[in-house]
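Rule-based calculations on the coordinates, nothing more; no lab input. Keep in mind it's a predicted model, so treat the numbers as computed, not measured. No Cβ is skipped: glycine too gets one built from the backbone with ideal geometry, and neighbour counts run over all protein chains shown.
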Amino acid sequence: MSDLFDDPQPGQNAPEFTVSEISGEVKRTLEGSFGRIRVRGEVGRVFKARSGHLYYDIKDDRSVLACTTWKGQISGLSVVPEEGLEVVVTGRLTAFGAQSKYNMNVDEVAVAGQGALMALLEKRKKQLEAEGLFAPERKKPLPYLPQIIGVVTSPSGAVIRDILHRLRDRFPRKVLVWPVAVQGQNCAPEVARAIEGFNRLTPGGALPRPDLIIVARGGGSIEDLWGFNEEIVARAAAASQIPLISAVGHETDTTLIDFVSDRRAPTPTAAAELAVPVRLELMAWSENQGARLTRAAGQAVQLRRQRLNDLARALPKPDTLLETPRQRLDRISDRLPGALISGVQRRRVHLSETAASLRPATLRQLVEGRRNRLQNLSSRLSLRPIQREVAAQKDALARLAQRLGAAQAARIDRQRQALTAAGRQLEILSYKATLERGYAVVRSGEEILTTRAAAAKAGALQIEFADGTLDLEGGAAQAPQKAAPNPPAEGGGGQGSLF
C-alpha cells in the first residue's frame with residue numbers, strides 16, 4: 001500500500017491513482033471494515049437472472065441497499081425474499097468496481113418478527129386461494145380402509161411412534177415412512193420431494209404406491225412450522241393424486257398445507273384415527289349387521305308364511321269350484337245326442353232342396369257359360385311370344401349341343417393320342433424288343449433264371465425267344481464242355497446246346 005502514497009510530483013499536493021487501484025482499495029476497505037453484517041429492511045425489487053442468481057433490494061424510508069444471492073446460495077436460504085417482506089439479511093459488503101457500485105452478498109434471510117411472517121402467510125394464502133387450490137370440490141375422499149399408508153415425517157421424533165401405535169391399536173396397516181427434516185431450511189424441499197416421490201411409485205410394484213399419505217409434525221412456534229407454509233409444499237400437496245391428510249402442529253396451529261390437503265387432522269394421532277377405522281368396532285358392527293340380517297330374513301319368511309295361510313283360508317275348496325262347471329257339462333252331454341240328430345236332419349232337408357233345384361237345363365246352361373268364357377280367354381291368349389321364346393331356346397340348345405359335341409370329340413382325340421403315346425412307350429420299355437435283338441429269357445416254372453448254377457439245378461427249363469418258347473425236359477441240359485476249335489460237323493447251321 002506504500003506505493004499508493006508515494007511522494008507527489010513537484011507542484012502537486014495529492015498522489016495519483018489508477019481507476020483499478022482506487023476500485024480495489026475501496027473494495028478492500030469495505031470488506032475489511034464491515035466483514036459479516038446483518039441488515040434489517042423491507043424487500044424491494046426482486047429479479048432472478050437466467051443464470052439463476054437472485055438480485056433484490058433492501059430499503060428503509062431513506063436508503064436502498066442492493067443485495068445479491070448467488071445461484072449456489074439460494075438453496076441454503078430459509079426464506080426466499082419477496083417484495084414487501086420485512087427481513088433481516090446476513091452477508092458481506094463488497095464493491096463492484098466496473099460500475100462503481102457496492103452491494104451486499106446475502107447468504108441468509110430471516111423474516112423480521114412474527115408479524116411479518118403472518119403478513120407473508122396471509123399473502124400466500126390469498127394467492128393460493130385465488131388460484132382455486134382451497135376449493136372444496138378439489139378435495140379427494142379418503143379411502144375407507146387403505147392397504148398401504150405413506151407417512152412423511154421425521155423418523156426420529158415421537159410423531160411416527162404415536163402414528164404407528166395408534167394404527168396398531170385401531171387397524172394394523174402397512175406403513176411406508178419417508179424421512180424428512182420437519183424444520184429448518186431443508187424442510188420445505190424435502191417434504192415436497194417426499195409427496196411427489198410417493199405419487200411416482202408404481203401401484204403393486206416392488207415398493208408399492210400408498211393409498212393414503214399423512215404429512216405429520218409435532219407442535220412448535222411459527223418459525224419452526226414455517227417450512228409447511230412454503231409455496232412448494234402447498235403446491236405439491238395440491239397436486240398429489242393420492243389423498244393426503246395434514247397433521248402439522250397442535251390443534252391451534254394452522255399452516256398452508258392444512259388448506260390444500262384433502263383432510264386436516266388436529267394432531268398426528270388424530271390423523272391415524274382418520275386414516276383407518278377401529279377393527280373391533282368394525283367387527284362388532286359387521287356381526288350386528290349379520291344378526292339383523294338373519295332376524296329380518298326370519299321375520300320376512302314368517303310374515304309371508306302367515307300371509308300365505310290367510311290367503312289359503314280365504315280360497316274356496318277345489319270341489320266347490322268344479323261343481324257348477326260339472327253340472328253344466330252334464331246338461332250339455334244330455335242335449336248332445338238330440339242336437340246331433342236334429343242337425344243331420346236339417347242338413348238332409350237342405351240337401352234335398354238344393355238337389356231339386358239343380359235341373360239338367362240349368363246344368364247345361366252353366367257348362368255352356370263356362371265354355372264360352374274359356375273360349376274368350378283362349379282367344380285373348382296369344383301363343384306367338386311363347387313360340388318365339390321356344391324357338392330361341394331351341395337355337396341356343398342346338399348351339400350348345402354342337403359345342404358339346406366338338407368338345408367331346410376333341411377330348412376323345414386327346415385321350416386317344418395320349419393312349420397311343422403310352423403304348424409306344426410301353427413297347428419301348430418292354431423286354432419283347434430285347435428278345436428281337438437275339439436275347440432270350442430262361443424260366444423254371446414262374447422263376448426267371450439269371451445264373452448258370454440256377455439253371456443247372458432246375459429240372460425243366462422254358463426258354464422264351466422273340467418268335468416263341470422252347471421247353472427242355474430234365475437231362476437235356478448237359479454239363480458244358482470245352483469249346484471245340486471247329487464248329488460241330490452235323491447241323492452246321494444249328495444253334496447247338498446252350499451249355
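Here are some notes:
- Amide H contacts of residue 171 (H built 1.01 Å from N, under 5 Å, at least 5 apart or other chain): 279
- Using θ = phi - 60° and Karplus 6.51 cos²θ - 1.76 cosθ + 1.60, couplings along segment 235-245 (whole Hz; Gly, Pro as x): 6, 5, 5, 5, 7, 5, 7, 8, x, 10, 10
- 10 Å-binned pair-distance histogram of segment 146-276 (Cα, whole percent): 14, 51, 32, 4
- Secondary structure note: in the chain, about 65% of the DSSP beta bridges are antiparallel.
- Paramagnetic label zone (point 7 Å from Cα along Cα-to-C-beta, residue 221; backbone N under 14 Å) in segment 73-116: 110-116
- Helix-only mean residue ellipticity at 222 nm for the chain, each DSSP H run of n ≥ 4 adding -39500 (n - 2.57), per residue, nearest 500: -16000 deg cm²/dmol
- Contact order relative to length of the chain, as percent, for alpha carbon pairs under 8 angstrom and 6 or more apart: 8
- The orientation-averaged projected area of the convex hull spanned by the Cα atoms of the chain comes to 105.4 nm².
- Based on alpha-carbon atoms, the Kirkwood radius and the radius of gyration of segment 112-180 give Rg/Rh equal to 1.13.
- Spacing of the modelled spin labels on residue 406 and residue 356, each 7 Å from Cα toward Cβ, amounts to 8.0 nm.
- Full extension of the chain between residue 447 and residue 375 gives 17.0 nm of extra length, using 0.36 nm per residue less the Cα-Cα distance.
- Pairs with C-alpha atoms separated by more than 24 Å, drawn from the list 27/59; 71/126; 48/140; 432/457; 48/123, are 71/126; 48/140; 432/457.
- In segment 249-298, the ratio of gyration radius to Kirkwood radius, Rg to Rh, stands at 1.31 when only Cα atoms are counted.
- Longest DSSP-loop-exposure-free segment, trypsin sites (Lys or Arg not before Pro), the chain, at most 12 other Cβ within 10 Å: 63-436
- Residues with amide H under 5 Å from that of residue 53, placed H, sequence gap 5 or more: 71
- Each Lys or Arg adds one and each Asp or Glu subtracts one; over the other residues with Cβ under 15 Å from the Cβ of residue 168, this totals +3.
- Checking every one of the GluC sites (Glu not before Pro) in segment 202-271 against DSSP loop status and a limit of 16 other Cβ atoms within 10 Å picks out 223, 251.
- Here 94, 450 are placed in order of increasing Cβ neighbour count within 10 Å, fewest first, which gives 450, 94.
- Shape category assigned to segment 302-428 from the gyration tensor of Cα positions, a/c cut at 1.5: oblate
- Phi-derived couplings, Karplus 6.51 cos²θ - 1.76 cosθ + 1.60 at θ = phi - 60°, listed residue by residue for segment 75-87: 5, x, 6, 6, 9, 7, x, 10, 4, x, 8, 8, 9 Hz, with x used for Gly and Pro.
- Shown is the FRET efficiency for residue 282 and residue 305, computed with R0 = 30 Å from the Cβ-Cβ distance and rounded to the nearest 0.05: 0.30.
- Amide H partners (placed H, <5 Å) of residue 220, local residues excluded: 250
- For the chain, with +1 on Lys and Arg beta carbons and -1 on Asp and Glu, the positive-most of 216, 84, 404 along the dipole: 404
- Volume per residue for segment 49-143 equals 170 cubic angstrom (convex hull of Cα atoms).
- Distance between the modelled labels on residue 430 and residue 37, one decimal in nanometres: 13.6 nm (7 Å Cα→Cβ projection).
- Under Karplus coefficients 6.51, -1.76 and 1.60, residue-wise ³J(HN,Hα) of segment 188-198 in Hz, glycine/proline x: 4, x, 5, 5, 4, 5, 5, 4, 5, x, 4
- Residue order, fewest to most beta carbons within 10 Å, for 56, 102, 431: 431, 102, 56
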